[in-house]
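For reference, the structure discussed in these notes is given below.
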Amino acid sequence: MGMDRSNRVIGIDIGGTFGRGIRGALVDGTGSEITRKEAVRPRTSQEELIETVITMASRLAELAHRDGAPASALGVAVPGLVDEALGVVHRSPNLKLQDVELARLLQDRLRVPVFLVRDAGAGALAEYTLGVGRSVSDMLLVVMGVGVGSAVISGGQVLRGAHGAAGEIGHISIDPAGMICGCGGRGCVETFASETSIARRYTLAAKEAILAEEVIAKATAGNPAAVRVWNDALGALATVIATAVALIDCELVVLCGTMGIPSEALAPLGTLLANRINLVQLPRVEVGGLGGDAGLLGAAAVAFERSGAGNPAREWRGSGPVPREL
Ligand SMILES: [Zn+2]
């Protein structure tokens with residue numbers, strides 16, 4: 001089946017990994033967003049979170065229906081450990097979800113096929129099909145958001161592994177005696193390089209509570225405490241990215257996140273990687289091109305692919321539309 005403007009699906013990113021809050025859009029077969037919705041992510045209960053997703057999906061479905069081209073499927077990007085085949089969220093520490101049959105719960109209420117995808121995998125698929133990864137076949141995507149998520153595209157495919165967690169480098173511990181992480185471990189990369197950790201480490205060092213992006217701005221301006229925190233974040237990332245590059249031999253490392261990191265702040269990462277990667281070809285490092293939309297566009301791509309409506313990885317690359325600026 002060809003993919004055109006009359007094919008539509010809904011993509012929702014509930015993570016807070018690529019953007020703050022819950023983001024959803026009605027996406028057509030060319031990869032263009034027709035309309036979008038945003039909602040604050042409820043922190044009180046699992047039920048409220050699910051209700052918010054249902055309300056958003058229903059409104060988008062209604063709009064599509066009124067337009068005469070109903071949405072045929074829903075893709076949902078979720079952070080954490082997700083069984084994509086069964087539609088179950090096993091563990092999502094940042095959303096406090098545990099063993100939830102999310103696809104079935106949503107499907108029962110919305111009456112369309114629902115497909116779950118790990119959010120970093122969704123983001124990687126989106127950057128590969130519509131963003132900065134359009135000219136490569138092998139890439140690593142790292143997202144610095146509430147947590148640190150990552151995923152690998154290898155030979156044009158999202159690497160899944162035995163349990164769907166392949167390429168997840170954010171919870172490798174580089175300091176087993178370090179800070180406690182949301183996953184229960186200590187000293188994970190996430191405890192150095194997530195938005196939350198950058199802000200927390202700076203607050204501990206400088207006794208001043210500011211946002212992560214302000215810490216990064218201060219680091220760029222030479223503030224010693226901020227420089228230390230930001231260098232530790234980049235150092236932690238470089239250590240695990242170098243290992244990933246040795247394993248997958250990718251051409252491109254894509255960095256993205258909620259913080260809107262200026263590329264000059266990321267410049268030292270290139271040097272840190274060059275000092276750590278030998279023999280294997282050094283990859284290019286780029287900031288993601290889709291910003292906060294990567295998760296929902298990837299979720300939409302997955303909805304097209306798994307519902308059998310088309311193959312975005314093949315059809316959107318090359319001829320895809322230029323991603324819309326937020
Ligand atoms: Zn962890």
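Side notes on the structure shown:
- Of all accessible heavy-atom area on the chain, the percent that carbon and sulfur account for (1.4 Å): 53 percent
- Paramagnetic reach from Gln281 in region 250-266 [backbone N under 20 Å; point 7 Å along Cα→Cβ]: 250-255
- Phi angles of region 253-269 translate, via the Karplus equation with coefficients 6.51, -1.76, 1.60 and θ = phi - 60°, into HN-Hα couplings of 10, 9, 10, 8, x, 6, 7, x, 7, x, 5, 5, 6, 8, 3, x, 4 Hz per residue; Gly and Pro are given as x.
- Between Arg91 and Leu81, Asp99, the built amide H atoms are under 5 Å apart, and every one of these is 5 or more places off in sequence or on another chain.
- For the chain: accessible area per residue (Å², 1.4 Å): 42 Å²
- The dipole here belongs to region 172-211: it is taken about the Cα centre, uses +1 on the Cβ of Lys and Arg and -1 on the Cβ of Asp and Glu, and is about 120 debye.
- Cα-centre dipole for the chain with unit charges at Cβ (Lys and Arg positive, Asp and Glu negative), debye to 20: 240 debye
- Which of Arg5, Arg66 is most accessible, then next, and so on - probe 1.4 Å: Arg66, Arg5
- Per-selection Rg to Rh, region 127-203 - Cα, Kirkwood hydrodynamic radius: 1.06
- Accessible-area value, Cys183, 1.4 Å probe, nucleic acids and ligands omitted, Å²: 40 Å²
- 17 Å tail of the calculated P(r), region 12-55, as % of Cα pairs: 35 percent
- Hydrodynamic analysis of the chain uses the Kirkwood radius over alpha carbon pairs. Inserted into Stokes-Einstein at 10 °C and 1.306 mPa s, it gives a translational diffusion coefficient of 81 µm²/s.
- Region 9-87 pair-distance distribution - Cα-Cα, 10 Å bins, rounded %: 18, 51, 28, 3
- Rolled with a 1.4 Å probe across the full set of protein chains, the surface gives Glu84 an accessible area near 30 Å².
- Since only Ile50, Ala221, Ile277 are under comparison, the one whose Cα sits farthest along the positive direction of the charge dipole of the chain, derived from C-beta charges on Lys, Arg, Asp and Glu, is Ile50.
- Size of region 135-287 from its Cα atoms: along the principal axes, largest to smallest, the extents are 46, 33, 26 Å.
- Ser6 versus Glu48: modelled label distance in nm, points set 7 Å from Cα along the beta carbon direction: 4.4 nm
- For region 125-170 versus region 20-49, the gap between their alpha-carbon centres in whole angstrom: 21 Å
- For Asp175, solvent-accessible area (1.4 Å; no DNA, RNA or ligand), Å²: 60 Å²
- Counting only protein chain heavy atoms and rolling a 1.4 Å probe, the accessible areas of Lys96, Lys37 rank, largest first, as Lys96, Lys37.
- Using θ = phi - 60° and Karplus 6.51 cos²θ - 1.76 cosθ + 1.60, couplings along region 80-97 (whole Hz; Gly, Pro as x): x, 8, 10, 8, 5, 5, 8, x, 10, 8, 6, 8, 9, x, 6, 9, 6, 9
- Largest GNM mean-square fluctuation across Gly123, Gly149, Gly260, computed for the chain with C-alpha springs under 10 Å, falls on Gly260.
- Within a Gaussian network of the chain (alpha carbon springs, distance under 10 Å), most fluctuating of Leu290, Leu159, Leu273: Leu159
- Highest-fluctuation residue, Val76, Val254, Val100 considered, GNM on the chain with Cα pairs under 10 Å: Val100
The values are calculated or read from the model by the stated rules, or taken from the named source; none is laboratory data. Model, not experiment: these values are computed from the prediction. Positions of Cβ are generated from backbone atoms using ideal geometry, with glycine treated the same way; all protein chains shown enter the neighbour counts. Ligands, DNA and RNA are excluded from the accessible area calculation, which covers all protein heavy atoms including side chains. Shrake-Rupley method; radii C 1.70, N 1.55, O 1.52, S 1.80 Å.
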